[in-house]
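*Asks:* Got a structure for you, written out below as C-alpha cells; questions coming shortly.
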Amino acid sequence: MKTNSTLKMKAENVRVFYGANEAIKGIDMNVYQNEVLAFIGPSGCGKSTFLRCLNRMNDTIDQCRVTGLIELDGQDMYDPRLDVVQLRAQIGMVFQKPNPFPKSIYDNIAYGPKLHGLASKKSELDDIVESSLQKAGLWKEVKDRLDQPGTGLSGGQQQRLCIARTIAVSPEVILMDEPCSALDPIATSIIEELIDELKANYTIVMVTHNMQQAARVSDRTAFFHMGEMIEIGSTTEMFTKPNNKRTEDYITGRYG
Amino acid sequence: MNKITGHYSHAYDDELNEAVDRLIRMGALVGEQLQDAIKAFIKGDRELASQVIQTDRKVNAQEIDIEEHCLDIIARRQPTAIDLRLIVGVLKSINDVERIGDQAEHIAKQLLDEDCQRPTDAQLEDIDMMGDKVLNMLQQALLSFQRMDPALALDVLKQDRLVDHDYGRILRHNLTYMLEDTRQITRGLHLIWVARALERIGDHAQNICEFSIFITKGRNVSHLTEDEVDAVVHDKV
C-alpha cells in the first residue's frame, strides 16, 4: 500500500536504446513521496537500466539513448539546461557492492557536502557527518574511529556508510540497486530495517533479486520482464493475488 | 485432478500436490466416517457407532500430519500468490474436515446414548434423506478443491439451502411430537441433535468450497451473498 499519494517522480513512455537494441520498451510509472517501491524481474529484464534512468546514470554510457519523459516534482529531468550534479544530489544512489572512497569514514561522508557547499565551517560539517551516520544507523559503531578508512568496515557497515554518504547531501529520492546482494542475512536485516526508517524522510526506489526482500520492505512492487513493466501495484496484492499470469509465474517460481 | 505443475523445482510441485492429496484422503476418511455414523444411527448398529468414534483418532492424527506438512512448505519454500492461497486453503480446510469428523462422532454418540424407543421409520427416512444430501455436499466440496473447480464449489454452496430447509422441517416435526407427548422428548432431542449435526456439516462443506474459490479466484467470499459469489466465480467483478 502506498503511504502517500503525492507524486514525486513520473515516467512516461520511457524507452532506452543501447545502439539499435531497445532495452526498455515504453514504461509509464508514478513514484509517490515517502514510498518504498521495489523493482523485481529476471536478469536482463531492464529493471536496473530503468532505475539508472531515474538519476540519469545512463548518460555516462556511450551508445545509450533515453527517450520519453521523466519528471522529478514536475520538472523534466532530461532538460539539457539541468545541472546533472545537482540532480544526483537530489536523487542519490546506493549500489550493489559497497563502494566507499579510499578515505576515512569522516571524509567519505564529508565529501559530498563539501562538493555541494552545504557546510561553511568545520562544526557544520561535523554535524552533517554525525546526523548522516545516525540516520544510517552506523554512528554508534564508528563514532570513535571516524579517522579510520571506510574500507576497513565490514560489508554491511560499508553499505550503511554508503547510505550515510548518500543521505549527507540531503537527497529527496534514494535509488538502491540490489543494496543487499553482497551482504549476509543479518547485515541484510539491518539494511531492511534502515530502509523502513528512511522512508519517513525519503522516497526509495530499489531493485532487488530477492523477491522476499521486496515483499518485506516495499509498499509497492513493479514486475519487469523483457524490457516491459508487466505489472505494478501494492506489494501485498502482488504477492497474494497478482493480476498478470507472467507475474504469477515469476513470483511463484514457475516457468511461463 | 488438476495437478500443480510448472515450478522450476519439481520437488515443490510434488510437495504442493501432496498437501492437496492428503487433504482429499483425510476428507475421504471423514466421508466414510459420516456415512457409517448415519448408517449406524438409522440401523441402530451400536458396533458400527463405536467404530465411528474410534475413527476420530485417525482423523485427528491426519489433521496434525497435514498441518506439519504445510508448515514445512511455508518455512522452506515461502509460497506466494496461488501457492500461498493453496496452502492457506488446505490449512483452513483441514480444520473444517476435522470438525465434520467431530459431528459424525456426535451422531454416533446419539445412538449409544439412546435409552429410549427407536425413532419411527418416517423419522429415520428424514435423517437418511438429509444425510444423503450432506454426504453429497461433502464429496463435491472435496472434488471442487481437488479439481480447483470454482463452478462446482458454487453449485455446492447453493445446495446448503436444501439442507437448512431439511433441518428446519425435522426441528418443527419433532417439536410438535414432543409437545403432544412428553414421552417423545428424549427421542425427539436425539433426532434434533442428529439433524443439527448434519446441518453443521453442510456449513463446513460450504467453508471448504469457499476456500477452493479463494484459491482459484483470489477473493475471500465467506461473507458474500450468493449473487456476489456467483459474480466472483464467473469473473463479473
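*Asks:* Per the Debye formula with a single identical scatterer at each Cα and no solvent contribution, what log10 I(q)/I(0) holds for the stretch B:10-233 at q = 0.09, 0.14, 0.18 Å⁻¹?
*Replies:* -0.39, -0.84, -1.19
*Asks:* Okay, moving on. Using +1 at the C-beta of Lys and Arg and -1 at the C-beta of Asp and Glu, which of B:L71, A:Q33, A:M238 has the Cα lying farthest in the positive direction of the dipole of the protein assembly as shown?
*Replies:* The listed residue farthest towards the positive side: A:Q33.
*Asks:* Give me the distance in nm between label points sitting 7 Å out from Cα along the Cα-to-Cβ direction at B:Y8 and B:R161, one decimal.
*Replies:* It is 4.9 nm.
*Asks:* How are the alpha carbon pair distances in the stretch A:177-256 distributed across 5 Å bins from zero to the largest one, expressed in percent?
*Replies:* Answer for the stretch A:177-256: a P(r) of 3, 14, 25, 24, 17, 12, 4, 0 percent.
*Asks:* If you fit an axis through the alpha-carbon atoms of helix A:185-198 and take the longest principal axis of the Cα set of chain A, what angle between them do you get, 0 to 90°, nearest 10?
*Replies:* 90
*Asks:* Quote the Stokes-Einstein diffusion coefficient, in whole µm² s⁻¹, for the protein assembly as shown, based on the Kirkwood radius over alpha carbon pairs, a temperature of 20 °C and a viscosity of 1.002 mPa s.
*Replies:* It diffuses with D of about 80 µm²/s by this estimate.
*Asks:* Restricting to Cα atoms and excluding each atom paired with itself, what does the Kirkwood estimate give for the stretch A:1-59 in Å?
*Replies:* Radius from the Kirkwood sum: 12.5 Å.
*Asks:* When the Kirkwood hydrodynamic radius is evaluated over all pairs of different C-alpha atoms of the stretch A:113-256, what value in angstrom, to one decimal, is obtained?
*Replies:* Its Kirkwood hydrodynamic radius stands at 17.0 Å.
*Asks:* Using amide H atoms built 1.01 Å from N in the peptide plane, name the residues 5+ places from A:M206, or on other chains, whose amide H lies under 5 Å from its own.
*Replies:* A:L37, A:A38, A:F39, A:M176
*Asks:* Suppose the Debye formula is applied to equal point scatterers at every Cα of the stretch A:127-175; what is log10 I(q)/I(0) at q = 0.14 Å⁻¹?
*Replies:* Evaluating at q = 0.14 Å⁻¹ gives log10 I(q)/I(0) of -0.30.
*Asks:* I want to check the label-to-label distance for A:R65 and A:T240. Put each point 7 Å from Cα in the C-beta direction and report it in nm to one decimal.
*Replies:* Here the answer is 4.6 nm between the modelled labels.
*Asks:* Taking the Cβ-Cβ separation of A:K121 and B:K58 as r and a Förster radius of 60 Å, what is the calculated FRET efficiency to the nearest 0.05?
*Replies:* 0.15
*Asks:* Note down the relative contact order for the stretch B:10-233 as a percent, whole number, built from C-alpha pairs under 8 angstrom at least six residues apart. Display every interim value, and only then the final one.
*Replies:* Working: 275 pairs, mean separation 57.9, N = 224.
Dividing the mean separation by the residue count of the stretch B:10-233 yields 26 percent.
*Asks:* Here's a follow-up. Could you work out how far the C-alpha centroid of the stretch B:136-196 sits from that of the stretch A:228-256, in angstrom?
*Replies:* Centre-to-centre (Cα) distance: 42 Å.
*Asks:* Further question on the same structure: Putting +1 on Lys and Arg Cβ atoms and -1 on Asp and Glu Cβ atoms, find which of A:L7, B:A195, A:Q159 reaches farthest to the positive end of the dipole of the protein assembly as shown.
*Replies:* My answer, from the dipole projection, is A:Q159.
*Asks:* For the stretch B:57-173, what is the Kirkwood estimate of the hydrodynamic radius, computed as the reciprocal of the mean inverse distance between distinct Cα atoms, to one decimal in Å?
*Replies:* 16.8
*Asks:* Let me ask something additional. Would you mind giving the three semi-axes, in whole Å and largest first, of the ellipsoid equivalent to the stretch B:18-114 according to its Cα gyration tensor?
*Replies:* Details: eigenvalues 208, 21, 16 Å².
Ellipsoid half-lengths, sorted descending, are 32, 10, 9 Å.
*Asks:* How crowded by other chains is A:241-254, given as the mean number of beta carbons from other chains within 10 Å of each beta carbon? Before the final figure, lay out each step's value.
*Replies:* Working: counts 9, 4, 1, 0, 0, 0, 1, 6, 3, 2, 6, 13, 11, 11.
That average works out to 5.
*Asks:* So what's the projected area for chain A, the Cα convex hull averaged over all directions, in nm²? Numbers along the way, then the final one.
*Replies:* Values: hull surface 55.7 nm².
That works out to 13.9 nm².
*Asks:* What number, in percent, do you get for the relative contact order of chain A if the mean sequence gap of Cα pairs under 8 Å and at least 6 apart is divided by its residue count?
*Replies:* Working: 490 pairs, mean separation 70.5, N = 256.
Reported as a whole number, the value is 28 percent.
*Asks:* Using the Karplus equation 6.51 cos²θ - 1.76 cosθ + 1.60 (θ = phi - 60°), what ³J(HN,Hα) coupling, rounded to whole Hz, does each residue of the stretch B:47-59 give in order, writing x for Gly and Pro?
*Replies:* 5, 4, 4, 5, 4, 4, 5, 4, 4, 4, 4, 4, 4
*Asks:* Let me have the 222 nm mean residue ellipticity of chain A computed from DSSP H runs of 4+ only, each contributing -39500 (n - 2.57), with the sum over all residues rounded to the nearest 500.
*Replies:* -10000 deg cm²/dmol
*Asks:* Give a residue-ordered list of calculated ³J(HN,Hα) values for the stretch B:152-169 (Karplus: 6.51 cos²θ - 1.76 cosθ + 1.60, θ = phi - 60°; whole Hz; x for Gly, Pro).
*Replies:* Ordered by residue, 3J(HN,Hα) equals 5, 4, 4, 4, 5, 4, 5, 5, 4, 4, 5, 5, 4, 4, 4, 4, x, 5 Hz.
*Asks:* Okay, moving on. Would you compute the Debye intensity of the stretch A:1-137 from its alpha-carbon atoms alone, equal scatterers and no solvent, and pass along log10 I(q)/I(0) at q = 0.12, 0.18, 0.21 Å⁻¹ to two decimals?
*Replies:* Normalising to I(0) and taking log10 leaves -0.61, -1.18, -1.34.
*Asks:* For the pairs B:K158/B:K236; A:K47/A:K135; A:K97/A:K122; A:K10/A:K97, note any where the Cα-Cα span goes beyond 24 Å. Please list the in-between numbers first.
*Replies:* Working: B:K158/B:K236 18 Å; A:K47/A:K135 27 Å; A:K97/A:K122 30 Å; A:K10/A:K97 28 Å.
Beyond 24 Å between Cα atoms: A:K47/A:K135; A:K97/A:K122; A:K10/A:K97.
*Asks:* Report the full-extension gain for the segment B:M129 to B:L175: residue separation times 0.36 nm, less the Cα-Cα distance, to one decimal in nm.
*Replies:* Details: separation 46, 0.36 × 46 = 16.56 nm, distance 1.93 nm.
Value of the extension gain: 14.6 nm.
*Asks:* A further question follows. Please list, in order along the stretch A:124-130, the HN-Hα scalar couplings obtained from phi with the Karplus expression 6.51 cos²θ - 1.76 cosθ + 1.60 (θ = phi - 60°), rounded to whole Hz, x for Gly and Pro.
*Replies:* 5, 5, 4, 4, 5, 4, 5
Where a number appears in this text, it was derived from the coordinates with a stated rule and is not lab data. Small disclaimer: the values here were computed from a predicted structure and weren't measured. Note: ideal-geometry Cβ built from the backbone for every residue, glycine included; neighbour counts use all protein chains shown.
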